[in-house]
Each structure stands twice: as C-alpha cells, then as structure tokens.
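Before I ask anything, let me first share the structure, which is written out below as structure tokens.
Just so it is clear, none of the values below were taken in a lab; they were calculated from the coordinates. The model shown is predicted, which means the values in this text are computed figures rather than measured ones. Note that each Cβ is placed from the backbone with ideal geometry, even for glycine, and that neighbours are counted across all protein chains shown.
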Amino acid sequence: MSTPATLSSEIKYRLVEDWPHYPADMSFEMGSGVCVDDEGIIYLFTRDLEHWAAHPLAMRDKMGKSSVSMFTRDGDYLGAWGPSQERGFALGAHTIYFIDGHIWTVDRDGHMVKKYTKDGDLVLALGELGKWGNEPGHFNGPTSVVVQPNGNIVISDGYWNARLIWFSPEGEYIKEIGGWGNEPGQFNSPHAVAQMPDGRLVVVDFRGGALHDYMTVKGQIAEERWENDPSRKSRIQVFDPDGNFIEQWDHLNPLTVAVYGDRLYASDKMSNLVVYDAHTLEELERHEKLAIYIHQMAVDQFGDIYTATVYPEHAGESRGPQGPCHRRWTRD
C-alpha cells in the first residue's frame, strides 16, 4: 500500500437527506445488504425479524425473516422483490449482489446462497434452508459470493465456518481452502470477499469470529473458536484466483470490501471508507463516518455510494425506517 495520492478533503461526498422514501407500511430491524443493477435500481436487503436461525423449520413462523426492497436513485419505492414478490423469503439477510445480470442473495441464517433473475425467478440454490454443516452441501453462516470469469462461484462460508468454497457454474462442489486460525490462508471469520480486475480474491477476515451463542445451537460453533487469542486481529487476505495465498494487509480494521471498476472500496473501523486504485493499491480517498457500521456498500453509475448499516443502536440511533440503516452519499 502506498501513501494517499488524493487527500480525502479534496473529494467531498454529501449525505442525501431523507433517502430512501420508505412506504408507510414498511417495517424492518436493520439494513444488511445493498446492490445496484445495470438500470440504476437499488436493492436493499433488510433483516425484518432476526436471531431465530437456531430454531427448527417446524418453528419457521418464529424464525428470522428478511426481504429485498427496490428503490430509485431519488429514493422512490419500487416494491418488494423476490419469490412471488413477497417479503420475508430469506431467514437472515447478510449481503446481496448484482453479478452478470443476476441478483445473488446470501442468507446467513438460512445457510443458503441463491441466484435469481432480475424478476425474482430462482436460477440456482446452494445449501439447504435452515440446516448448517461443514461438508460440501451445507454452509454454516455464509457471508458473500463472487463469480469468476470462468463462471465458477466462490463463497465465503464465514460466520461459523472458516473457509472459501469453489463451485462450478452449475453448483457442483470443486474445492475449498481455509480452516480456523490466525495463520496466512486460515480464517477467523471470512466476512466479505471481492474480486480484483486481475482475478485476485480479496477477503475480509474479521477478528470477532461471530461468536453469537444467542442465534446458534450447541455444537454449531466449534469449541476452539471460543478461545481468546489476544494476537488475533482483523485483516484483509489476498489470494490468486485458485485460492493460493499471496499477501495480507493488516493496516485496516475492515468489515466489508467491494470492487467497482478500477477501484477497491474497503471499510475501516466499521464506519470509515477507504478507496484504493485496484491495480496499484494506491490509496486514493478516505472518507470518515459514512455509516455506523458499513456492513455492505455499493456504487452506482454516477459514483454515488450506498451503505447498509446493522445495529444502529450501538451509536445511539434507532433501528428500522426511523434510523440510519440505509444511506446515500453523492459527490459534490
């Protein structure tokens, strides 16, 4: 990493007040994911009722529920999205992506990753709803997904597992890397993954380890992950397209990472956003306090930045439509 080429004070973003315009009957607890499609439509993946993932499917009416809502750049509501255009089709929203003309949802508590058409028709489903595991056919809290140029799918299975998994375009298991630990190529909690223009994979390895006993069942989190290791810290690890470790960056305290065009966006200390040249890794911009927690961010064709925030109460703010769960920043 090199020194900043552009001072953050030279590039200004303005918070767009009153964005988005939630419909009167919309309710949710927090924002979790956000993406923008090729028509400029913004998709918000919200946690409507959370922390019930450990309950059996027989109690599905009491499990977490998550939804996708669509908005214009101006914040106008375009409706709910998903199967039958219904709200609550996922159990625990984590992240959402627009990739090669399709919408991908990562359902952390449902332990599934799904690929849809833009109209909400299911194309591919990986995992099994509400059932966790560490074998090829199951996840244990998946967190993000990328699609490589050859069509292979790479998923970070990172909340209660600690691995990256490769699948074929048809969803057949290919291989995995990782394992719990603090060494290069191991993971504490791979919380986000992005793909650089040259195919390198950039993985946020979150120190926290996501030890949420209130939303898991006994045995779901491996016993060794409860060990306190003061040397453990959040970092970004970089791999080649085949999963071979290249390097790690430990100067950030990241939660999310994304690549748009020639720019790499990474959060730092939860609320700040740092922008790098995706080829040279030169720091270009640094923006302070864009959100309480930048759980996921997206950039539209105009360069506006959208953020999704979880747990706004940690900064004394409200959950739901009354709080800062979703924000849009536009360049002045």
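How many nm is it between the label spots at LYS289 and ASP38, if each spot is 7 Å from the Cα in line with the beta carbon?
According to this spin-label approximation, the distance is 4.0 nm.
Can you list the aspartates and glutamates whose alpha carbon sits under 17 Å from that of LYS115, skipping same-chain ones fewer than 8 residues off?
Within the straight-line cut-off, LYS115 pairs with ASP37, ASP38, GLU86, ASP100, ASP107, GLU128, ASP157, GLU170, GLU172.
Below 15 angstrom from the Cβ of MET297, what's the summed charge of the other residues (Lys, Arg +1; Asp, Glu -1)?
+2
Pop out the ³J(HN,Hα) list for segment 165-179 in order, Karplus 6.51 cos²θ - 1.76 cosθ + 1.60 with θ = phi - 60°, rounded to Hz; leave Gly and Pro as x.
Taking θ as phi minus 60°, the curve returns 10, 9, 10, 6, x, 8, x, 7, 5, 10, 5, 8, 9, x, x Hz for segment 165-179.
With charges only on Cβ, +1 for K and R and -1 for D and E, what is the dipole size of segment 8-331 about its Cα centre, in debye, rounded to 20?
Taking the Cα centre of segment 8-331 as origin, the dipole is about 600 debye.
Taking LYS289 as the anchor, which lysines have their alpha carbon closer than 16 Å to its alpha carbon, excluding any fewer than eight residues away along the same chain?
LYS12, LYS269
Subtract the Cα-Cα distance of ASP262 and GLN148 from 0.36 nm times their separation in residues, and report this length gain in nm to one decimal.
39.4 nm
Where a Cα-Cα gap under 24 Å defines reach, which lysines qualify for LYS218, not counting those fewer than 8 residues away within the same chain?
Answer for LYS218, where 24 Å is the Cα cut-off: LYS62, LYS65, LYS131, listed by chain and number.
For segment 270-332, which chymotrypsin sites (Phe, Trp or Tyr not before Pro) are in a loop by DSSP, counting at most 13 other Cβ atoms within 10 Å?
In loop regions of segment 270-332 (DSSP not H, G, I, E or B), the sparsely surrounded chymotrypsin sites (Phe, Trp or Tyr not before Pro) are PHE302.
State, as an integer percentage, the relative contact order of the chain based on alpha-carbon contacts under 8 Å between residues 6 or more apart.
It comes to 16 percent, rounded to a whole number.
Rg over Rh of segment 8-331, using C-alpha atoms and the Kirkwood radius, what does it come to?
We get a ratio of 0.93 for segment 8-331.
Normalised radius of gyration for segment 92-181, please: alpha carbon Rg relative to 2.2 N^0.38 Å, two decimal places.
0.98
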